[in-house]
């Protein structure tokens, strides 16, 4: 499934309504990814449900192609990442990272971004979403299970799908994919494209003030490994190295695009960018892995970092940083990690004040 075409990112927003009491953990990305994987596997890939699928099965199964841990084959010596990323709900009290309870009838939303040709598997996701709701999501609650069910153990809260929207965060365009109460589903058709990235990059450069400060707000934990070591502060150099690797792998693996040609020059520029204000904090969290039989860390830094560089450096770096808003950066992107937003405000002092209050 490696066709030559322009790399795109299709952002989808799923709005759901709780049918029973439902408690989302402090960080829901891994839970959503696991629930989606289970729904796709159990209902569309019986070979996976029965055990480890054969290589022959994986070669033609769309679910295995989309949801497997890594794709066979290598790009620059690395496995090709999966062509999607989860955007977990951003709940009130995000800074405190507390769990959130929803009563029956309350709503929340989560997102999923599909890269390049992966959008062709969108119909599977439409069917899988209600199945996720039937199986349940979040922290098991005893009030959701009778004494005859689950042996009196807790059961995750159930939800129903209400609507799906496609959106382009760069242009602000939103298009209904499945309206509330409707059964007709449209294919997503407002992707993030290179022309959108270029246009927003030019607009941001035009708004840079004399200090040439750019802000990155890390919505979910960014877990950056550099030279074998876990990075605990949002230095732009290590982050940008991982971002270029991920972009090259995704664009080459799923759209047939060539690697970034001026890599060394870009990395040198990123290493020189100064971190002027670090308003991030470390968020410690683990994710259960049935494949490994243990929990694995998905911890990382969250919050806001403010960087300074000359306009020429930002002109080169901003387009890649804007793509990273869609692709995420660092480890565990499929589980929601490394989701961030690039911002340029009119006033540096206003930017710092607003960031400190988030």
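Where a number appears in this text, it was derived from the coordinates with a stated rule and is not lab data. Predicted, not measured: the structure shown is a model, and the values here were computed from it. Neighbour counts are summed over all protein chains in view; Cβ atoms, including those assigned to glycine, are modelled from backbone coordinates with ideal geometry.
Taking 0.36 nm per intervening residue step and subtracting the Cα-Cα distance, what contour gain separates residue 171 from residue 54 on full extension?
That works out to 37.9 nm of additional length.
Using 7 Å Cα-to-Cβ label points, what is the residue 101/residue 143 separation (nm, one decimal)?
0.5
So if each residue of separation counts as 0.36 nm, and I subtract the Cα-Cα distance between residue 229 and residue 6, what length gain in nm does that give?
76.9 nm
Quick check: residue separation of residue 19 and residue 272 times 0.36 nm, minus the Cα distance between them. What number comes out in nm?
Full extension of this stretch gives 85.9 nm more.
Once label points are set 7 Å from the Cα along Cα→Cβ at both residue 187 and residue 134, what is their separation, rounded to one decimal in nm?
Going from the residue 187 label point to the residue 134 one covers 2.7 nm.
Using Cα-Cα distances under 8 Å and only pairs 6 or more residues apart, what relative contact order does the range 194-356 have, in percent?
38
Among 19-31, 323-335, how do they line up by average Cβ neighbours within 10 Å per residue, starting with the highest?
The peptides rank, most packed first, as 323-335, 19-31.
In which sequence would 165, 87, 143, 227 go, from the one with the fewest C-beta neighbours within 10 Å to the one with the most?
The most exposed by this proxy come first: 227, 143, 165, 87.
Which residues does a label at residue 205 reach in the range 236-261, if reach means a backbone N under 18 Å from a point 7 Å past the Cα toward the Cβ?
What the label zone holds, given the 18 Å backbone N cut-off, is 261.
Once you sort the root eigenvalues of the Cα gyration tensor of the range 222-346 as a ≥ b ≥ c, which label holds: rounded (a/c under 1.5), prolate (a/b larger than b/c) or oblate (the other case)?
It is oblate, given that a/c is not under 1.5 and a/b is not larger than b/c.
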